[in-house]
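The values are calculated or read from the model by the stated rules, or taken from the named source; none is laboratory data. Everything numeric in this text was worked out from a predicted model, so none of it was measured. Heads up, the Cβs are rebuilt from the backbone with ideal geometry, glycines too, and the neighbour counts pull from every protein chain shown. Please note that ligands, DNA and RNA were not included when accessible areas were found on the heavy atoms of the full protein model with its side chains. Shrake-Rupley method; radii C 1.70, N 1.55, O 1.52, S 1.80 Å.
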Amino acid sequence: MTSIISLIVGWTLDRLFGDPTRLPHPIVWFGRMIAFGEHRLNRGSHRKLKGAITAIGLIVSVFAITWLVRHTLSPLGKGLWVTLFDAIIIFYCLAGTTLVREVRAVFLALDRSLDEGRRQVARIVGRDTSALSAQEVRTAALETLAENLSDGVIAPLFWLAILGTPGMMAYKMVNTLDSMIGYKTERYRDFGCWAAHIDDITNYLPARLTAILMVVTSGRAGLLRFVWRNGRNHASPNSGYPEAALAGILDCRFGGPHYYFGQLFDKPYIGTNDRLLTTADMRRAVSINRRAETLMMAALLLALYTLQ
(Lines give C-alpha, C1' and ligand atoms only; values in the text may rest on other atoms or scores of the structure.)
Protein backbone atom coordinates (compact mmCIF):
# COMPACT_ATOMS: atom_id res chain seq x y z
CA MET A 1 0.00 0.00 0.00
CA THR A 2 1.30 3.42 -0.92
CA SER A 3 1.86 5.69 2.08
CA ILE A 4 0.26 9.07 2.62
CA ILE A 5 3.74 10.63 2.62
CA SER A 6 4.56 9.15 -0.80
CA LEU A 7 1.32 10.41 -2.27
CA ILE A 8 1.71 13.94 -0.88
CA VAL A 9 5.36 14.20 -1.95
CA GLY A 10 4.77 12.82 -5.45
CA TRP A 11 1.74 15.01 -6.09
CA THR A 12 3.47 18.11 -4.70
CA LEU A 13 6.46 17.54 -6.95
CA ASP A 14 4.17 17.36 -9.97
CA ARG A 15 2.35 20.54 -8.94
CA LEU A 16 5.66 22.38 -8.52
CA PHE A 17 7.69 21.08 -11.45
CA GLY A 18 5.60 19.11 -13.95
CA ASP A 19 7.35 16.55 -16.12
CA PRO A 20 11.13 16.74 -15.54
CA THR A 21 12.47 17.47 -19.03
CA ARG A 22 16.13 17.04 -18.05
CA LEU A 23 15.71 13.71 -16.27
CA PRO A 24 15.12 10.25 -17.76
CA HIS A 25 11.37 9.66 -17.95
CA PRO A 26 9.80 6.16 -17.88
CA ILE A 27 7.17 7.19 -20.44
CA VAL A 28 9.98 7.87 -22.92
CA TRP A 29 11.30 4.37 -22.26
CA PHE A 30 7.80 2.97 -22.71
CA GLY A 31 7.58 4.72 -26.08
CA ARG A 32 10.89 3.27 -27.20
CA MET A 33 9.84 -0.26 -26.20
CA ILE A 34 6.52 0.08 -28.03
CA ALA A 35 8.21 1.48 -31.14
CA PHE A 36 10.77 -1.35 -31.07
CA GLY A 37 8.04 -3.99 -30.95
CA GLU A 38 5.81 -2.28 -33.51
CA HIS A 39 8.54 -1.82 -36.09
CA ARG A 40 9.52 -5.49 -35.91
CA LEU A 41 6.15 -7.19 -35.46
CA ASN A 42 3.61 -5.02 -37.29
CA ARG A 43 4.11 -6.74 -40.61
CA GLY A 44 3.01 -9.88 -42.41
CA SER A 45 0.21 -12.09 -41.10
CA HIS A 46 -1.33 -12.50 -37.61
CA ARG A 47 -0.95 -8.82 -36.77
CA LYS A 48 -3.73 -8.90 -34.19
CA LEU A 49 -2.04 -11.74 -32.33
CA LYS A 50 1.33 -10.02 -32.50
CA GLY A 51 -0.22 -6.79 -31.23
CA ALA A 52 -1.93 -8.63 -28.38
CA ILE A 53 1.31 -10.31 -27.32
CA THR A 54 3.17 -6.98 -27.51
CA ALA A 55 0.58 -5.05 -25.50
CA ILE A 56 -0.05 -7.66 -22.81
CA GLY A 57 3.65 -8.53 -22.54
CA LEU A 58 4.68 -4.91 -22.01
CA ILE A 59 1.89 -4.18 -19.49
CA VAL A 60 2.61 -7.29 -17.42
CA SER A 61 6.36 -6.67 -17.58
CA VAL A 62 6.04 -3.11 -16.30
CA PHE A 63 3.79 -4.23 -13.44
CA ALA A 64 6.15 -7.08 -12.52
CA ILE A 65 9.33 -4.99 -12.66
CA THR A 66 7.81 -2.21 -10.54
CA TRP A 67 6.51 -4.75 -8.00
CA LEU A 68 9.90 -6.50 -7.88
CA VAL A 69 11.84 -3.27 -7.29
CA ARG A 70 9.39 -2.23 -4.58
CA HIS A 71 9.54 -5.68 -2.95
CA THR A 72 13.35 -5.62 -3.02
CA LEU A 73 13.45 -2.21 -1.35
CA SER A 74 10.88 -3.01 1.36
CA PRO A 75 13.28 -4.67 3.84
CA LEU A 76 15.69 -1.73 3.65
CA GLY A 77 15.59 1.36 5.84
CA LYS A 78 12.29 0.52 7.60
CA GLY A 79 10.22 1.51 4.59
CA LEU A 80 12.13 4.70 3.79
CA TRP A 81 13.28 3.49 0.38
CA VAL A 82 9.81 2.24 -0.55
CA THR A 83 8.33 5.60 0.44
CA LEU A 84 10.90 7.40 -1.71
CA PHE A 85 10.41 4.98 -4.62
CA ASP A 86 6.63 5.37 -4.54
CA ALA A 87 6.92 9.16 -4.37
CA ILE A 88 9.13 9.19 -7.48
CA ILE A 89 6.77 6.87 -9.37
CA ILE A 90 3.76 9.05 -8.48
CA PHE A 91 5.67 12.16 -9.57
CA TYR A 92 6.51 10.61 -12.93
CA CYS A 93 3.02 9.19 -13.54
CA LEU A 94 1.06 12.40 -12.89
CA ALA A 95 0.82 14.93 -15.72
CA GLY A 96 -1.51 17.59 -14.37
CA THR A 97 0.90 20.51 -14.30
CA THR A 98 2.48 19.77 -17.68
CA LEU A 99 -0.97 19.46 -19.24
CA VAL A 100 -2.06 22.85 -17.90
CA ARG A 101 1.18 24.48 -19.08
CA GLU A 102 0.77 23.07 -22.59
CA VAL A 103 -2.84 24.22 -22.91
CA ARG A 104 -1.97 27.71 -21.67
CA ALA A 105 0.89 27.79 -24.16
CA VAL A 106 -1.53 27.03 -27.00
CA PHE A 107 -3.69 30.04 -26.17
CA LEU A 108 -0.64 32.30 -25.77
CA ALA A 109 0.80 31.11 -29.08
CA LEU A 110 -2.53 31.67 -30.80
CA ASP A 111 -2.54 35.25 -29.53
CA ARG A 112 0.68 35.76 -31.51
CA SER A 113 -0.35 34.00 -34.73
CA LEU A 114 -2.52 31.20 -36.07
CA ASP A 115 0.53 29.28 -37.33
CA GLU A 116 2.13 29.37 -33.88
CA GLY A 117 -1.10 28.18 -32.33
CA ARG A 118 -1.30 25.27 -34.78
CA ARG A 119 2.29 24.26 -34.06
CA GLN A 120 1.78 24.47 -30.32
CA VAL A 121 -1.44 22.45 -30.24
CA ALA A 122 0.22 19.77 -32.41
CA ARG A 123 2.35 18.96 -29.34
CA ILE A 124 -0.66 17.68 -27.40
CA VAL A 125 -3.15 16.32 -29.95
CA GLY A 126 -3.02 13.46 -32.43
CA ARG A 127 -5.12 15.10 -35.14
CA ASP A 128 -3.68 16.95 -38.13
CA THR A 129 -3.38 20.63 -37.18
CA SER A 130 -2.03 22.28 -40.33
CA ALA A 131 -5.44 23.50 -41.53
CA LEU A 132 -7.18 24.19 -38.21
CA SER A 133 -8.90 27.53 -37.68
CA ALA A 134 -8.27 29.57 -34.53
CA GLN A 135 -11.55 28.28 -33.06
CA GLU A 136 -10.57 24.68 -33.87
CA VAL A 137 -7.16 25.16 -32.22
CA ARG A 138 -8.81 26.41 -29.02
CA THR A 139 -11.36 23.60 -29.15
CA ALA A 140 -8.65 20.97 -29.61
CA ALA A 141 -6.69 22.31 -26.65
CA LEU A 142 -9.70 22.33 -24.33
CA GLU A 143 -10.84 18.87 -25.44
CA THR A 144 -7.35 17.61 -24.65
CA LEU A 145 -7.40 19.36 -21.28
CA ALA A 146 -10.58 17.51 -20.33
CA GLU A 147 -9.61 14.13 -21.78
CA ASN A 148 -6.15 14.16 -20.28
CA LEU A 149 -7.40 15.16 -16.85
CA SER A 150 -8.69 11.59 -16.89
CA ASP A 151 -5.73 9.95 -18.65
CA GLY A 152 -3.00 11.98 -16.97
CA VAL A 153 -4.30 12.51 -13.44
CA ILE A 154 -7.51 10.81 -12.31
CA ALA A 155 -6.92 7.40 -13.93
CA PRO A 156 -3.33 7.07 -12.62
CA LEU A 157 -4.56 7.96 -9.12
CA PHE A 158 -7.47 5.51 -9.50
CA TRP A 159 -5.13 2.64 -10.38
CA LEU A 160 -2.73 3.72 -7.64
CA ALA A 161 -5.61 3.26 -5.18
CA ILE A 162 -6.47 -0.17 -6.63
CA LEU A 163 -3.06 -1.74 -7.34
CA GLY A 164 -0.45 0.59 -5.84
CA THR A 165 2.48 1.99 -7.79
CA PRO A 166 2.87 -1.20 -9.90
CA GLY A 167 -0.70 -0.70 -11.09
CA MET A 168 -0.08 2.99 -11.69
CA MET A 169 2.94 2.24 -13.86
CA ALA A 170 1.10 -0.52 -15.73
CA TYR A 171 -1.71 1.94 -16.46
CA LYS A 172 0.78 4.44 -17.90
CA MET A 173 2.04 1.70 -20.24
CA VAL A 174 -1.57 1.01 -21.28
CA ASN A 175 -2.12 4.69 -21.98
CA THR A 176 1.16 5.03 -23.89
CA LEU A 177 0.34 1.99 -26.00
CA ASP A 178 -3.04 3.47 -26.94
CA SER A 179 -1.56 6.88 -27.76
CA MET A 180 1.02 5.32 -30.09
CA ILE A 181 -0.72 2.39 -31.79
CA GLY A 182 -4.39 2.50 -30.76
CA TYR A 183 -5.65 4.08 -34.00
CA LYS A 184 -8.09 2.74 -36.58
CA THR A 185 -5.80 3.57 -39.46
CA GLU A 186 -4.57 1.07 -42.03
CA ARG A 187 -1.22 0.71 -40.26
CA TYR A 188 -2.52 0.23 -36.71
CA ARG A 189 -6.05 -1.17 -37.13
CA ASP A 190 -5.03 -4.79 -36.49
CA PHE A 191 -1.79 -4.46 -34.55
CA GLY A 192 -3.13 -1.81 -32.17
CA CYS A 193 -6.66 -3.11 -31.58
CA TRP A 194 -5.76 -4.93 -28.34
CA ALA A 195 -3.97 -1.87 -27.02
CA ALA A 196 -7.06 0.23 -27.76
CA HIS A 197 -9.45 -2.26 -26.13
CA ILE A 198 -7.32 -2.56 -22.99
CA ASP A 199 -7.18 1.21 -22.76
CA ASP A 200 -10.98 1.37 -23.08
CA ILE A 201 -11.37 -1.11 -20.21
CA THR A 202 -8.88 0.53 -17.85
CA ASN A 203 -10.35 3.99 -18.45
CA TYR A 204 -14.02 3.06 -18.20
CA LEU A 205 -14.49 3.96 -14.52
CA PRO A 206 -11.84 6.74 -14.30
CA ALA A 207 -13.34 8.65 -17.25
CA ARG A 208 -16.78 8.72 -15.67
CA LEU A 209 -15.30 9.53 -12.27
CA THR A 210 -13.44 12.44 -13.88
CA ALA A 211 -16.68 13.81 -15.31
CA ILE A 212 -18.38 13.56 -11.92
CA LEU A 213 -15.49 15.34 -10.18
CA MET A 214 -15.58 18.14 -12.77
CA VAL A 215 -19.32 18.63 -12.38
CA VAL A 216 -19.13 18.53 -8.57
CA THR A 217 -16.36 21.13 -8.44
CA SER A 218 -18.30 23.36 -10.84
CA GLY A 219 -21.18 23.46 -8.35
CA ARG A 220 -23.70 22.52 -11.07
CA ALA A 221 -24.86 19.00 -10.27
CA GLY A 222 -27.66 19.29 -12.82
CA LEU A 223 -25.06 19.00 -15.58
CA LEU A 224 -24.74 15.27 -14.89
CA ARG A 225 -27.75 14.60 -17.13
CA PHE A 226 -26.05 16.58 -19.91
CA VAL A 227 -22.87 14.54 -19.38
CA TRP A 228 -24.57 11.14 -19.55
CA ARG A 229 -26.53 12.20 -22.63
CA ASN A 230 -23.58 13.69 -24.53
CA GLY A 231 -20.73 11.55 -23.22
CA ARG A 232 -21.68 8.83 -25.69
CA ASN A 233 -21.20 11.23 -28.63
CA HIS A 234 -17.59 10.24 -29.15
CA ALA A 235 -15.66 7.59 -31.03
CA SER A 236 -14.10 6.56 -27.72
CA PRO A 237 -16.37 4.93 -25.11
CA ASN A 238 -14.63 7.02 -22.43
CA SER A 239 -13.19 10.31 -23.68
CA GLY A 240 -16.60 11.81 -24.34
CA TYR A 241 -17.52 11.95 -20.65
CA PRO A 242 -14.90 14.41 -19.37
CA GLU A 243 -15.23 16.36 -22.63
CA ALA A 244 -19.01 16.53 -22.14
CA ALA A 245 -18.49 17.72 -18.56
CA LEU A 246 -16.29 20.60 -19.72
CA ALA A 247 -18.58 21.41 -22.67
CA GLY A 248 -21.49 21.64 -20.25
CA ILE A 249 -19.59 23.78 -17.78
CA LEU A 250 -18.43 26.18 -20.52
CA ASP A 251 -21.69 25.96 -22.51
CA CYS A 252 -19.79 25.27 -25.74
CA ARG A 253 -19.50 22.60 -28.42
CA PHE A 254 -16.74 20.02 -28.83
CA GLY A 255 -16.19 17.21 -31.33
CA GLY A 256 -16.90 17.17 -35.03
CA PRO A 257 -14.85 15.87 -37.99
CA HIS A 258 -11.04 15.80 -37.73
CA TYR A 259 -8.16 14.45 -39.79
CA TYR A 260 -5.80 11.86 -38.30
CA PHE A 261 -2.82 10.70 -40.34
CA GLY A 262 -4.46 12.09 -43.46
CA GLN A 263 -7.77 10.27 -42.92
CA LEU A 264 -11.03 12.09 -42.08
CA PHE A 265 -12.85 10.84 -38.97
CA ASP A 266 -16.39 12.19 -38.71
CA LYS A 267 -16.87 12.45 -34.95
CA PRO A 268 -20.24 13.50 -33.50
CA TYR A 269 -20.60 16.81 -31.70
CA ILE A 270 -20.72 17.15 -27.92
CA GLY A 271 -22.99 20.05 -26.99
CA THR A 272 -24.86 22.42 -29.28
CA ASN A 273 -23.62 25.96 -28.55
CA ASP A 274 -21.03 26.64 -31.25
CA ARG A 275 -19.84 29.89 -29.69
CA LEU A 276 -16.35 31.35 -29.95
CA LEU A 277 -13.97 30.15 -27.25
CA THR A 278 -11.77 32.65 -25.43
CA THR A 279 -8.80 32.82 -23.08
CA ALA A 280 -11.27 33.32 -20.23
CA ASP A 281 -12.74 29.89 -21.08
CA MET A 282 -9.26 28.38 -20.89
CA ARG A 283 -8.71 29.91 -17.45
CA ARG A 284 -12.03 28.58 -16.21
CA ALA A 285 -11.30 25.12 -17.63
CA VAL A 286 -7.88 25.06 -15.94
CA SER A 287 -9.51 26.03 -12.65
CA ILE A 288 -12.02 23.17 -13.01
CA ASN A 289 -9.19 20.72 -13.76
CA ARG A 290 -7.20 21.80 -10.74
CA ARG A 291 -10.21 21.59 -8.43
CA ALA A 292 -11.19 18.14 -9.72
CA GLU A 293 -7.60 16.93 -9.22
CA THR A 294 -7.54 18.32 -5.68
CA LEU A 295 -10.85 16.65 -4.84
CA MET A 296 -9.54 13.30 -6.11
CA MET A 297 -6.41 13.72 -4.02
CA ALA A 298 -8.44 14.55 -0.92
CA ALA A 299 -10.58 11.44 -1.41
CA LEU A 300 -7.51 9.24 -1.90
CA LEU A 301 -5.72 10.68 1.13
CA LEU A 302 -8.82 10.10 3.24
CA ALA A 303 -8.99 6.49 2.03
CA LEU A 304 -5.32 5.91 2.84
CA TYR A 305 -5.70 7.48 6.28
CA THR A 306 -8.69 5.25 7.00
CA LEU A 307 -6.90 2.08 5.90
CA GLN A 308 -3.52 2.74 7.54
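Please determine whether any residue of region 45-60 is in a helix (DSSP H, G or I), among the hydroxyl-bearing types (S, T, Y) and surrounded by 18 or more Cβ atoms within 10 Å (Cβ to Cβ). The answer is yes, given that some residue of region 45-60 is in a helix (DSSP H, G or I), among the hydroxyl-bearing types (S, T, Y) and surrounded by 18 or more Cβ atoms within 10 Å (Cβ to Cβ).
Condition (residue is under 18 Å from S150 (Cβ atoms), assigned to a helix (DSSP H, G or I) and of a type in the set (G, A, S)) applied to region 95-116: is it met by at least one residue? Within region 95-116, one or more residues are under 18 Å from S150 (Cβ atoms), assigned to a helix (DSSP H, G or I) and of a type in the set (G, A, S).
Criterion applied to A235, A195 was being part of a loop (DSSP other than H, G, I, E, B) and among the small types (G, A, S), and the one residue passing it is A235. What are the pairs with Cβ atoms under 8 angstrom where one residue, in region 50-69, is under 18 Å from H39 (Cβ atoms) and the other, located anywhere, is surrounded by fewer than 20 Cβ atoms within 10 Å (Cβ to Cβ) and of a type in the set (S, T, N, Q)? Sequence gap at least six, or different chains. Correct list of pairs: K50/N42; G51/N42. Checked against (1) open to solvent by 20 Å² or more (accessible area, probe 1.4 Å); (2) farther than 27 Å from T294 by Cβ; (3) at pLDDT below 95, G256 passes all but condition (1). The residues in region 32-44 that are open to solvent by less than 70 Å² (accessible area, probe 1.4 Å), assigned to a loop (DSSP other than H, G, I, E, B) and without any contact (Cβ under 8 Å) to a residue 40 or more places away in the chain can be counted, and the count is 1. How many residues does region 155-192 hold that are within 13 Å of A55 (Cβ to Cβ), among the hydrophobic types (A, V, I, L, M, F, W, C) and in a helix (DSSP H, G or I)? Final tally of qualifying residues: 6. Tell me which residues, restricted to region 100-121, are of a type in the set (A, V, I, L, M, F, W, C) and more than 24 Å from D14 (Cβ to Cβ). Passing the criteria: L110, L114.
From the list T210, T279, the lone residue that is touching a residue at least 24 places away in the same chain (Cβ under 8 Å), surrounded by 20 or more Cβ atoms within 10 Å (Cβ to Cβ) and either at positive phi or not charged (D, E, K, R) (or both) is T210. The listed residues are Y269, Y204, and the only one of them that is outside any loop (DSSP other than H, G, I, E, B), within 23 Å of F158 (Cβ to Cβ) and open to solvent by 10 Å² or more (accessible area, probe 1.4 Å) turns out to be Y204. Please verify whether region 124-135 includes one or more residues that are touching a Leu at 6+ places or on another chain (Cβ under 9 Å), more than 18 Å from F30 (Cβ to Cβ) and polar (S, T, N, Q). Yes, region 124-135 has at least one match. Residues in region 171-201 that are among the hydrophobic types (A, V, I, L, M, F, W, C) and surrounded by fewer than 17 Cβ atoms within 10 Å (Cβ to Cβ): I201 only.
One residue alone among R123, R127 is exposed (fewer than 15 other Cβ atoms within 10 Å of the Cβ), within 20 Å of the chain's Cα centre (by Cα) and of a type outside the set (S, T, N, Q), and that residue is R123. How many residues does region 15-45 contain that are under 19 Å from the mean Cα position of the chain (by Cα), modelled with pLDDT of 95 or more and acidic (D, E)? Residues in region 15-45 being under 19 Å from the mean Cα position of the chain (by Cα), modelled with pLDDT of 95 or more and acidic (D, E): 0 in total.
Quick check, is A105 small (G, A, S), more than 20 Å from N175 (Cβ to Cβ) and at pLDDT 95 or above? Considered against the rule, which asks whether it is small (G, A, S), more than 20 Å from N175 (Cβ to Cβ) and at pLDDT 95 or above, A105 comes out as yes.
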